[in-house]
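Colleague: Dumping the structure here so I can ask a few things about it.
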Amino acid sequence: MAFTDFDLLVVGDANPDVIVSGAPRRPAFGQREHLVDTGDLVLGGSGAITACGAARLGLRVAFAGRVGDDPAGAFVLDALRRRGVDVSACVVEPGAATALTVILADGQDRAILTAPGCLGRTSAGDVPPGLLARAAHVHVSSFYLQPLLAEGVPELFRAARAGGATTSLDTNDDPSGRWEGLGEVLPLTDVLLPNEREALAVAGVEDLGRAVRELAARGTTPVVKCGAEGAMTIVDGEPLRVPAPPAKDAGEGGVVDTVGAGDSFDAGLIAARRRGLPVRRSLEVAVACGTLSTRAAGGTAAQPTWEEATS
Ligand SMILES: Nc1ncnc2c1ncn2[C@@H]1O[C@H](COP(=O)(O)OP(=O)(O)OP(=O)(O)O)[C@@H](O)[C@H]1O
Ligand SMILES: [Mg+2]
């Protein structure tokens, strides 16, 4: 591996999250006003949260993505910079709207409303080749929210690997429910990071053990996030499960919200692999990063340091 300036380059989504907690399960229309418990404006987007989590864990991180030249875009870039993430490769698209998400949180469940704005125009071509060559690991987030980028992932990952980098992908949800387009991508993806529902959908089966075997057979290593149950992967054809610590151990108040827990998990797994930890220990660190991130509202406020994640 050549000298690299960045341990991690994240290519993907960044947007403000407006998190409203304590909303009624079915808000009434008809101009009714509901009073809720809390409202928070925080940095969101799977890619942005993973980038911040990795920076918090001590990695040198760059983020490449696309925002509009609006207040939401300025908020996102400022939040990333303040957490030590290099955003010099981000595209600021004149006249475009930055993606925006409203999350109605209800305990550990939530409804997510996303206006994608210019997210759909993010492409592999937005990533300067020089930057790709300077990164030791390349992570792509939210495959199904960025159709242009999705088309370019094979080329991006091939180029990353040709330069000696490793690769990972977090599909996140597919709003269309089709779960297509990964055939060429999986063999180029060192680590696939779906949650349980996403793993089943991508593999097209109903049993998680079968899903991880199926995904491994397609040429990637799946590491599946199972919420409060922890995580699961496959080693030498055998499933390996790592439990999550009880939620109360996440901190004084236990779980505040699980927004971005999966993205913080991704950061932990990438950091542990970069530091050469064995598979089981890497999963333990990733699970700790996911669980610790639930201590505060939003994705990034409670992300742990390396010391916290490994103690
Ligand atoms: N209720 C919980 N209690 C303890 N840990 C949790 C809880 N929910 C999530 N976690 C931790 O966070 C990790 C990732 O969670 P999850 O399975 O929710 O990912 P995800 O669905 O990809 O999340 P995201 O919404 O960020 O995409 C889990 O592996 C676990 O370590
Ligand atoms: Mg996820």
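The values are calculated or read from the model by the stated rules, or taken from the named source; none is laboratory data. Nothing here was measured: the structure is a model prediction, and the numbers come from that model. FYI the Cβ positions are ideal-geometry reconstructions off the backbone, even for glycines, and counts take in every protein chain you see.
Colleague: Hey, can you tell me all the residues within region 96-143 that are in a loop (DSSP other than H, G, I, E, B), farther than 14 Å from G73 by Cβ and not polar (S, T, N, Q)? Break it down stepwise before answering.
Modeller: Keep residues of region 96-143 that are in a loop (DSSP other than H, G, I, E, B), which gives 96-99, 107-108, 116, 122-123, 127-128, 134, 136, 142.
Then keep just the ones that are farther than 14 Å from G73 by Cβ; that gives 107-108, 123, 127-128, 134, 136, 142.
G107, V127, P128, R134, A136 - these are the residues of region 96-143 that are in a loop (DSSP other than H, G, I, E, B), farther than 14 Å from G73 by Cβ and not polar (S, T, N, Q).
Colleague: Next question. How many of the residues making up region 157-176 are more than 16 Å from ligand 2 (Cβ to nearest atom) and assigned to a loop (DSSP other than H, G, I, E, B)?
Modeller: Residues in region 157-176 being more than 16 Å from ligand 2 (Cβ to nearest atom) and assigned to a loop (DSSP other than H, G, I, E, B): 4 in total.
Colleague: Considering only residues of region 184-215 that are in a helix (DSSP H, G or I) and not aliphatic (A, V, I, L, M), which is nearest to ligand 2 (Cβ to nearest atom)?
Modeller: The extreme case among them is E198.
Colleague: So which residues in region 260-281 are within 14 Å of H139 (Cβ to Cβ) and either more than 10 Å from ligand 2 (Cβ to nearest atom) or not hydrophobic (A, V, I, L, M, F, W, C) (or both), if there are any at all? Don't jump to the end; show me each part of the working.
Modeller: Here is the first cut: in region 260-281, the residues within 14 Å of H139 (Cβ to Cβ) are 262-274.
Correct list: G262, D263, S264, D266, A267, G268, L269, I270, A271, A272, R273, R274.
Yes or no, residue by residue, for (1) within 16 Å of ligand 1 (Cβ to nearest atom); (2) aliphatic (A, V, I, L, M):
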position	(1), (2)
E93	no, no
T101	yes, no
V127	no, yes
A133	no, yes
L156	no, yes
A160	no, yes
E180	no, no
G183	no, no
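Colleague: Out of D257, D236, report the one residue that is charged (D, E, K, R), crowded, with 24+ Cβ neighbours inside 10 Å and modelled with pLDDT under 95. I'd like the intermediate steps shown before the answer.
Modeller: Working: D236 fails: crowded, with 24+ Cβ neighbours inside 10 Å.
Among D257, D236, only D257 is charged (D, E, K, R), crowded, with 24+ Cβ neighbours inside 10 Å and modelled with pLDDT under 95.
Colleague: Could you tell me which of the residues G262, G290, G268, G276 is outside any helix (DSSP H, G or I) and either more than 11 Å from ligand 1 (Cβ to nearest atom) or touching a helix residue (DSSP H, G or I) at 6+ places or on another chain (Cβ under 9 Å) (or both)?
Modeller: Only one candidate passes the filter, namely G276.
Colleague: What do you reckon, is V202 within 23 Å of R66 (Cα to Cα) and surrounded by 22 or more Cβ atoms within 10 Å (Cβ to Cβ)?
Modeller: When the stated conditions are applied, V202 does not pass them.
Colleague: Could I ask something else about it? Name the single residue that is surrounded by the most Cβ atoms within 10 Å (Cβ to Cβ) among those in region 78-112 being of a type in the set (G, A, S) and either modelled with pLDDT under 95 or touching a Lys or Arg at 6+ places or on another chain (Cβ under 7 Å) (or both).
Modeller: Among those that are of a type in the set (G, A, S) and either modelled with pLDDT under 95 or touching a Lys or Arg at 6+ places or on another chain (Cβ under 7 Å) (or both), it is A105.
Colleague: Failed condition for A115, given (1) touching a strand residue (DSSP E or B) at 6+ places or on another chain (Cβ under 7 Å); (2) surrounded by fewer than 20 Cβ atoms within 10 Å (Cβ to Cβ); (3) modelled with pLDDT under 95, with all others met?
Modeller: Evaluating A115 over (1) touching a strand residue (DSSP E or B) at 6+ places or on another chain (Cβ under 7 Å); (2) surrounded by fewer than 20 Cβ atoms within 10 Å (Cβ to Cβ); (3) modelled with pLDDT under 95 leaves (3) as the failure.
Colleague: For residues that are at negative phi and in contact (Cβ under 8 Å) with a residue 60 or more places away in the chain, tally how many sit in region 181-235.
Modeller: Within region 181-235, residues that are at negative phi and in contact (Cβ under 8 Å) with a residue 60 or more places away in the chain number 6.
Colleague: Hey, among the residues in region 133-159 that are over 19 Å from the mean Cα position of the chain (by Cα) and touching a residue at least 60 places away in the same chain (Cβ under 8 Å), which one's surrounded by the fewest Cβ atoms within 10 Å (Cβ to Cβ)?
Modeller: A133
Colleague: Still on this model: For T171, are the conditions met, namely being in contact with a Ser or Thr (Cβ under 8 Å, 6 or more places away or on another chain), modelled with pLDDT under 95, within 16 Å of ligand 1 (Cβ to nearest atom) and among the β-branched types (V, I, T)?
Modeller: On the way: in contact with a Ser or Thr (Cβ under 8 Å, 6 or more places away or on another chain): yes; modelled with pLDDT under 95: no; within 16 Å of ligand 1 (Cβ to nearest atom): yes; among the β-branched types (V, I, T): yes.
The answer is no for T171.
Colleague: Restricting attention to region 219-229, and to residues there that are in contact with a strand residue (DSSP E or B) (Cβ under 9 Å, 6 or more places away or on another chain) and in a loop (DSSP other than H, G, I, E, B), which single residue is nearest to E180 (Cα to Cα)?
Modeller: Narrowing region 219-229 to residues in contact with a strand residue (DSSP E or B) (Cβ under 9 Å, 6 or more places away or on another chain): 220-227, 229.
Then drop every residue that is not in a loop (DSSP other than H, G, I, E, B), which leaves 220, 223, 226.
On the way: T220: 16, V223: 19, C226: 22 Å.
Restricting to residues being in contact with a strand residue (DSSP E or B) (Cβ under 9 Å, 6 or more places away or on another chain) and in a loop (DSSP other than H, G, I, E, B), the top hit is T220.
Colleague: In this structure, is A64 small (G, A, S), touching a Cys at 6+ places or on another chain (Cβ under 8 Å) and closer than 22 Å to A301 by Cα?
Modeller: So A64 fits the description; yes.
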